1. What span do the alpha-carbon atoms of the stretch 1-46 cover on each of the three principal axes, reported in whole Å from largest to smallest?
2. Give me the percent of the accessible area of the chain that comes from carbon and sulfur atoms, probe 1.4 Å, all protein chains in place.
3. If one puts a single equal scatterer on every Cα of the chain and applies the Debye formula without solvent, what log₁₀ I(q)/I(0) results at q = 0.14, 0.19, 0.21, 0.23 Å⁻¹?
4. Along Cα→Cβ, 7 Å out, is where each label goes; now give me the distance between the ones at SER70 and ARG45 in nm to one decimal.
5. So between GLN13 and SER25, what do we pick up on full extension, going 0.36 nm a residue minus the alpha carbon distance?
6. Taking only C-alpha pairs under 8 Å that are 6+ residues apart, what is the relative contact order of the stretch 1-90 in percent?
7. Determine how large the accessible area of LYS75 is when every protein chain is in place; take a 1.4 Å probe and give Å² rounded to the nearest 10.
Amino acid sequence: QVQLVESGGGLVQPGGSLSVSCAASGIIFDTSRLSWFRQAPGKQRGLVASITSGGGTNYIGAVEGRFTISRDNAKNTVYLQMDGVKPEDTAVYYCHLRGRRYFGDKISDYWGQGTQVTVSS
């Protein structure tokens, strides 16, 4: 059974920093593509950042230069470091994994439960 457990959300002041993490189990982690999505109230869930198995990263323009996605394959964990946060970064943040449970398995998508990030003074 694949599990993605997120942690690290909370309240942060504008201009501050916050890090969220997502620990995975039951998956071949080091060959998986990992992403962070977010969903603000009344809006659709959208991609924030992604990182490939080779470490290549991609960000949406709204967070480029402020957020950093990283992975630790030894800990089966993906991180999102958020610096210089803004009120418009307020959302539920979800980790997403695309990969295989075992060699020979089909590639599937898996989601974490979400963690709330609120940027407010």
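1. 37, 23, 17
2. Here it works out to 48 percent.
3. -0.54, -0.96, -1.15, -1.34
4. Here the answer is 2.6 nm between the modelled labels.
5. My answer for the length gained is 1.1 nm.
6. So the answer I get is 32 percent.
7. 130 Å²
The values are calculated or read from the model by the stated rules, or taken from the named source; none is laboratory data. Please read these numbers as outputs of a predicted model, since none were measured by experiment. In this analysis, Cβ positions are derived from the backbone assuming ideal geometry, glycine residues included, and neighbour counts consider all displayed protein chains. Side chains included, ligands, DNA and RNA excluded: accessible areas come from the protein's heavy atoms. Shrake-Rupley method; radii C 1.70, N 1.55, O 1.52, S 1.80 Å.
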